[in-house]
Amino acid sequence: MLYSNKGFTLIELMIAVSLFTVVMVVSTTMFLRSIDTQARSVKAKSLQEGMNYALSIMANEATNAIQDPTSCDPGFSQCIIGTDFFCSISSNTKLRFRNASSDCVLYELENDSNGVSRLKITRKDKTGYLTPEDISISSLKFYATNDNDTTYPIGRVTVELYGQAVNREKNPDTLRLQTTVATWPTQ
């Protein structure tokens, strides 16, 4: 009987195992990078949605501001910019006005119990945060202007908001949003 010496040599097996290892390392690295990219995309989307929500709440309420913010607070004398509709306080970092329901509204930044800087709203002596606890607002500015047309005054406020996701990353995503809202007296 003749025996055939057909089979794999040790070198052939080592080459096959090495190639398999290289393919697995490359595949695993690509998979881990795709998971990291996915996680960063989810965080960026969450940041954008949270800040857009806060900005849209402010814009919707400010659009319906009514004249005479002076009756909201004796602190109106502290206004940096006082218009027929808006009062910008404390280096343009706070905004006070009366909403469509005649409630006094104040928007400002405040650190929550975890030390996260969040957008705070005070309305009818009730307060709450407009931004979620996983978003830190690093800057909030209000720029109020007024068209001094005695017949038809128009108040404008520009809101500028900078925020970033609260996490331990070295370079967290930062987002800047800005909008301008105009309001005029209702008939």
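Numbers below:
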quantity: S46 closer than 30 Å to I137 by Cβ and either among the aliphatic types (A, V, I, L, M) or free of Cβ contacts under 8 Å to residues at least 40 places away in the same chain (or both); calculated: no
quantity: Residues that are under 22 Å from E49 (Cα atoms), outside any strand (DSSP E or B) and either of a type in the set (D, E, K, R) or modelled with pLDDT under 80 (or both), drawn from region 137-169; calculated: N167, R168, E169
quantity: Unique match (being within 20 Å of N64 (Cα to Cα), hydroxyl-bearing (S, T, Y) and at pLDDT below 85) among T180, T122, T186; calculated: T186
quantity: Residues located in region 126-136, provided they are without any contact (Cβ under 8 Å) to a residue 60 or more places away in the chain and either polar (S, T, N, Q) or surrounded by 19 or more Cβ atoms within 10 Å (Cβ to Cβ) (or both); calculated: T127, S136
quantity: Counted residues, region 1-36 - those being closer than 20 Å to V166 by Cβ and among the β-branched types (V, I, T); calculated: 0
quantity: Region 87-117, residues that are farther than 25 Å from T145 by Cα, touching an Asp or Glu at 6+ places or on another chain (Cβ under 7 Å) and part of a strand (DSSP E or B); calculated: none
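The values are calculated or read from the model by the stated rules, or taken from the named source; none is laboratory data. Keep in mind it's a predicted model, so treat the numbers as computed, not measured. With ideal geometry, Cβ positions are generated from the backbone for all residues, glycine too; neighbour counts draw on all protein chains shown.
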